[in-house]
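Let me begin by presenting the structure, written as structure tokens, before commenting on it.
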Amino acid sequence: MKHMKKTFLLLASALMAVSATAESKIIPIETENVGLVYSVGDNGRLYQRYFGKKLANAEEYAKLPQGIEAYLTHGMEDYFEPALHINHADGNQSTLLKYVDSSTTTNTDGSVSTVISLVDPAYNDEVKMHFTAYPDCDVITTYTEITNNEKKPIELEKYASSLLTFNAPAYYLTQYDGDWANEANLKEQKLEFGKKQLDTNLGSRHNMFLAQFFQLSIGAPAQENSGEVLAGNLGWTGNYRYTFEVDREGKLRVISGINPYNSEYTIAKGETFTTPEFYFTLSQEGKGGASRNFHDWARQYKVKDGMGDRMTLLNNWEATYFDFDEAKLIQLCKDAKTLGVDMFLLDDGWFANKYPRNSDTAGLGDWGENVEKLPNGFYPVIEEAKKQGVKFGLWIEPEMVNPKSELYETHKDWVITLPNRDEYYFRNQLVLDLSNPKVQDYVFSVLDDLKTKYPEIAFFKWDCNSPITNIYSPYEKNQKHLYVDYVKGLYNVLERVKAKYPELAIMMCAGGSGRGDYKGLEYFTEFWASDNTDPIERLFIQWGFSQIFPSKTICAHVTSWNRDASIKFKTDVAMMGKLGFDINLHELSENDLRYAQQAVREYNRLKPAILEGDQYRLVSPYDGNHTSTMYVTKDKSKAVVFAFDVYPRYNEKMYNVKMSGLDANKMYNVKEINRYDCNDQNVGQYSGNYLMTVGLPMFTGNKLHSRIYEVSAN
Ligand code: DGJ
């Protein structure tokens, strides 16, 4: 009897030990509403057990089936696209990863980081999967570290940042493709068996044909306000690839990372390769919810000066192009003051002497002020800006060189170009080799020298017009590293800029939105969404970028594009982003100018809603001839609704616009503001419930017509 009792106790404690181990090997990564759960199988390998709406009772994750291997490796039993492919020192191409341990820490900003370590028992190579969960905005960020513990170098052929798997009846992918001046066109498709890849190979930037974010709707086509939607963005300002692969059981794997195209990366013994981060959110409130999650996270945690104010500006690019002198610039400072904006931004064309920058064919690389245009440097312009009480901002494109430049003549060895073939020019220029630390120093010095000479420069527009073509680095020992090292070199430079000038506002620009990703936005306060500033096109382009970027990061300028559209229509569109003007003020009528001045004042007054509030896309421009978007302050006390009629049809039936995000129980006063006649018009008093259930008639049959409504809680 005594013996039996002892055996039972031993058995019970063994069982307890087993269940304790199994339990401790369930690794939940959770935000307020999202659960991403990993667990260790009996074979010691790591599996993604769950990804979806967080379960109320975390213990129930254990009841779920094991799922798909968490970080699929090449060469083992799985038939599908791997996340990791290592060519080992001995020529073996297979990797098998076993769980070692995991740890979780709470960071000072409230986010929670989890690290899961895996190792290949045959080679000792280590993989660490890092996750940071931002509970309050349902965003999770993830990246991977791969360490070579072999005796010789290993080659990483594929090295994804993230692998997420789904098991649902259907998947719908939304991509945002286009071209220069035609960015971010929304297109949705159902994913069927097989692979769909979204990727680019532009080297120095990621977009020209495809914005670097996507949405994936689980189960049904994506809706604005309902349904489960994954939104993702890779933090990498270069070649990227998202692979969506549906298998024969209908399961979907989503692999995100640097595009492995021509980028096999060799790491020495003891070295660690760190992938870029993949940022994602899983919303149960459709695309709108996913956008608001990203907007909140971006402002709070990610974007340079994310919680800070943004400067309105007057830019001279479309008003003067390369044709200006000191007198014109001084006048532009006065114009900025007249308009009421915060800053005058001087664009391209101010530099180079041996080969003056009077067109885009010469001068890039020679960053001295052009003595013809600026005989006294920027001093008189800065003086005038000070006198007018406006800031001064400056355009640079420091990563590029024109063959007609002194830099090219003295430093051909700094240029990415094929040594034994004719040069190919994109916009008459070539890309500097940022894999070379000397080039990094030089690129940093372009901004640093200007800032040292003119500490008053309050803003830079950092452009990058050429992708990498005819790829060859005079510096790299392994040419396959260039795509990756270019971007790493860029980040080295930007780290230095940020460390030395933490307060400096900088616009990320790349011939339109060639650059627009959340890693870039660690260093930049905003980005240029498109060279196309036709307000109709902008309604679509801004709709696209608003899917994951908050309004304060999307630069939107009023220009002379589309002569049919009124200054009001153009300005109302630009007011949904970071407002700027790129027009010749002297071509405006008195009334147009008066309206524009009012718009700047109203924009400044409404910034707490437009820049800091929650965005609700109410009516899509893709659905017809009208569109509407609104912004609501966090305390729901104030909202601004923008409504646009583009090209309404004759006798078209018009419907009310139903608002969102208000407090149903509050009473609101609604008035139409920012009218061309500068007289606000009262619309009435309504409950939040009425405005969200019945809505108001905001659309008209007039073409290129716009209205802005201010909604204020009583
Ligand atoms: C491309 C940018 O997108 C434009 O806004 C302008 O800055 C030009 N470059 C200047 O060359």
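General observations
- Spacing of the two label points (7 Å from each Cα toward its C-beta) at Asn353 and Ala170, in nm: 6.7 nm
- Cα-based helix-to-principal-axis angle, 535-545 vs the chain, degrees rounded to 10: 20 degrees
- About its Cα centre, the chain has a charge dipole of approximately 1600 debye under the convention of +1 per Lys or Arg Cβ and -1 per Asp or Glu Cβ, with nothing else charged.
- Alpha carbon centroid spacing (whole Å) that separates the stretch 209-231 from the stretch 79-121: 28 Å
- Expected 222 nm ellipticity per residue - DSSP helices of 4 or more, -39500 (n - 2.57), all of the chain, to 500: -6500 deg cm²/dmol
- Chain lengthening between Asn470 and Gln223 when straightened (0.36 nm per residue, less Cα-Cα): 84.7 nm
- Each residue, Arg649 and Arg605, gets one label point 7 Å from its Cα in the Cβ direction; the gap between the two is 3.9 nm.
- Cα-Cα over 32 Å, subset of Lys412/Lys488; Lys488/Lys607; Lys190/Lys477; Lys187/Lys404; Lys187/Lys519: Lys488/Lys607; Lys190/Lys477; Lys187/Lys404
- Placing a label point 7 Å from the Cα of Arg563 along the Cα-to-Cβ direction, the residues of the stretch 514-553 whose backbone N falls under 20 Å from that point are 532-538.
- Packing here is the average count of other Cβ atoms within 10 Å per residue, and on that basis the peptides 72-79, 143-150, 441-448, highest first, run 143-150, 441-448, 72-79.
- The alpha carbon centroids of the stretch 473-512 and the stretch 274-318 are separated by 20 Å.
- Under 5 Å, built H, 5+ apart or other chain: amide partners of Ile554: Phe527, Lys578
- Difference of contour (0.36 nm per residue) and Cα-Cα distance, Arg421 to Ala62: 123.2 nm
- The chain: relative contact order as a whole-number percent, Cα under 8 Å and 6+ apart: 9 percent
- Looking at the chain alone, DSSP beta bridges between its own residues are antiparallel in about 80 percent of cases.
- Of the residues Gln48, Met208, Ser551, the one whose Cα sits farthest towards the positive end of the charge dipole of the chain is Gln48 (charges of +1 on Lys and Arg Cβ, -1 on Asp and Glu Cβ, taken about the Cα centre).
- For Asn689 and Asp136, the difference between the fully extended length at 0.36 nm per residue and the C-alpha to C-alpha distance is 196.5 nm.
- Note on the stretch 256-402: Lys pairs 8 or more places apart or on different chains, Cα atoms under 12 Å apart, count 7.
- Rounded to 10°, Cα long-axis angle of helix 326-339 versus longest principal axis of the chain: 80 degrees
- Taking amide H as placed 1.01 Å from N in the peptide plane, the amide H of Ser204 sits under 5 Å from that of Ile468, each at least 5 places away or on another chain.
- In the stretch 335-479, a dipole from Cβ-located charges (positive for Lys and Arg, negative for Asp and Glu) runs towards its positive end, and of Asn478, Ile396, Ala336 it is Ala336 whose Cα lies farthest in that direction.
No value in this document is a laboratory result; all are computed from the given coordinates. These figures come from a predicted structure and were not determined experimentally. With ideal geometry, Cβ positions are generated from the backbone for all residues, glycine too; neighbour counts draw on all protein chains shown.
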